[in-house]
1. If the requirement is being more than 16 Å from Met199 (Cα to Cα) and not in a helix (DSSP H, G or I), which of these qualifies: Arg109, Arg131, Arg105?
2. Does the stretch 221-238 hold any residues that are farther than 19 Å from Leu250 by Cα and buried (at least 22 other Cβ atoms within 10 Å of the Cβ), and which are they?
3. Would you check if Gly216 is crowded, with 23+ Cβ neighbours inside 10 Å, closer than 22 Å to Asp62 by Cβ, in contact with a Gly (Cβ under 9 Å, 6 or more places away or on another chain) and not basic (Lys, Arg)?
4. Being in contact with a helix residue (DSSP H, G or I) (Cβ under 6 Å, 6 or more places away or on another chain) and of a type in the set (A, V, I, L, M, F, W, C) is the filter here, so list the residues in the stretch 84-98 that pass it.
5. State which residue is farthest from Pro242 (Cα to Cα) when the search covers only the stretch 59-82 and only residues that are assigned to a helix (DSSP H, G or I) and either out of contact with any helix residue (DSSP H, G or I) (no Cβ under 8 Å at 6 or more places or on another chain) or of a type outside the set (A, V, I, L, M, F, W, C) (or both).
6. Would you be able to say whether some residue in the stretch 140-151 is closer than 29 Å to Ser233 by Cα, within 15 Å of the chain's Cα centre (by Cα) and buried (at least 19 other Cβ atoms within 10 Å of the Cβ)?
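Please treat every number below as a calculation from the coordinates, not as lab data. Keep in mind that what you see is a predicted model, and the values were worked out from it rather than measured. Here the Cβ is made from the backbone with ideal geometry for all residues, glycine too, and neighbour counts use every protein chain on show.
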Amino acid sequence: MADPRTHRIRFWTSAVTVAAVLLAVLLVPPLVQLDEQAVDLSRKLLPPSWDHPFGTDDLGRDLLLRCVYGLRVSLLVGLVAALVATVIGTAVGAAAGALGGWADRTLMRLVDAFSSVPHLLLGIFVVALFRPGVWPVIVSVAVTHWLSTARIVRSEVLSLRTRPFVDAAVSGGSGRWRVAVRHLLPAVLPQAGLAAVLMVPHAMWHESALSFLGLGLPSHQASLGNLVQNARSSLLAGYWWPTLFPGLLLIVPTLAIAGLAGVWRDRLNPRRRSELML
């Protein structure tokens, strides 16, 4: 049986962490411009201190500020890519489940075809078609991450089609598209929203992996993947902070978002919801 106290602690810890991340990425960049961080080799690779809590990088720039900018870019890519992927997956899954027959088989074979190719390999192929930038990465992540949402939505729609309210709508003369848009689609939106939230950290990791490989964002643009990639030589020389702090800013928000999604999933599950109310 779930422990309501543990549930509340997980929720508030995740919520406070996500709120802190959002405040940092929204407030810090307007207050301090990244261009103001000029190269100063006299401050090269300074360890963490009061003046520089995250230390400095190999060009003497404040690492905390660059990490905040990198987190802002990675989070933006994750949010937009997750939204686009969720829209695509919801449309495909709802159409497959509502129409059934040959449409369902065709759309699911399309999903299986995309699933047969590793996500990272397909993402590399997509970004290789364009110049490095934010939008090619967003397209790459969206194209490779809508599959699970399509399967979830289709499964939910197939379950809802057997409900009495759907039979009543069909008996009242509603066509398939009307039933899908007016009755089935609103019922699956909570599941689709949960899939979108869970997709955000996954998209952030995907963007970071592409940038680390040199195929994502331009190397001069601050993103968490680029910061980790640029810090490899420093790590080999024994300077750990240029790698540690960008990595932490990638892991901590991921865990916090996953924690909030877990609470949301428990609320959607009737059995879990009843346990938490005990």
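1. Numbers: Arg109 fails: not in a helix (DSSP H, G or I); Arg105 fails: not in a helix (DSSP H, G or I).
Unique residue meeting the criteria: Arg131.
2. none
3. Details: crowded, with 23+ Cβ neighbours inside 10 Å: yes; closer than 22 Å to Asp62 by Cβ: no; in contact with a Gly (Cβ under 9 Å, 6 or more places away or on another chain): yes; not basic (Lys, Arg): yes.
It is false that Gly216 is crowded, with 23+ Cβ neighbours inside 10 Å, closer than 22 Å to Asp62 by Cβ, in contact with a Gly (Cβ under 9 Å, 6 or more places away or on another chain) and not basic (Lys, Arg).
4. Step one: of the stretch 84-98, the residues in contact with a helix residue (DSSP H, G or I) (Cβ under 6 Å, 6 or more places away or on another chain) are 84-86, 89-90, 92-94, 96-98.
Those that are in contact with a helix residue (DSSP H, G or I) (Cβ under 6 Å, 6 or more places away or on another chain) and of a type in the set (A, V, I, L, M, F, W, C): Val84, Ala85, Val92, Ala94, Ala96, Ala98.
5. Within the stretch 59-82, the subset assigned to a helix (DSSP H, G or I) is 63-82.
Add one more test, that the residue is either out of contact with any helix residue (DSSP H, G or I) (no Cβ under 8 Å at 6 or more places or on another chain) or of a type outside the set (A, V, I, L, M, F, W, C) (or both), and what stays is 66, 69-70, 72, 74, 78.
Values: Arg66: 10, Tyr69: 14, Gly70: 13, Arg72: 17, Ser74: 17, Gly78: 22 Å.
The residue in question is Gly78.
6. Pass one, the stretch 140-151, residues closer than 29 Å to Ser233 by Cα: 140-141.
If we keep only those that are within 15 Å of the chain's Cα centre (by Cα) too, we end up with 140-141.
This time we only want the ones that are buried (at least 19 other Cβ atoms within 10 Å of the Cβ), so: 140-141.
Yes: the stretch 140-151 contains one or more residues that are closer than 29 Å to Ser233 by Cα, within 15 Å of the chain's Cα centre (by Cα) and buried (at least 19 other Cβ atoms within 10 Å of the Cβ).
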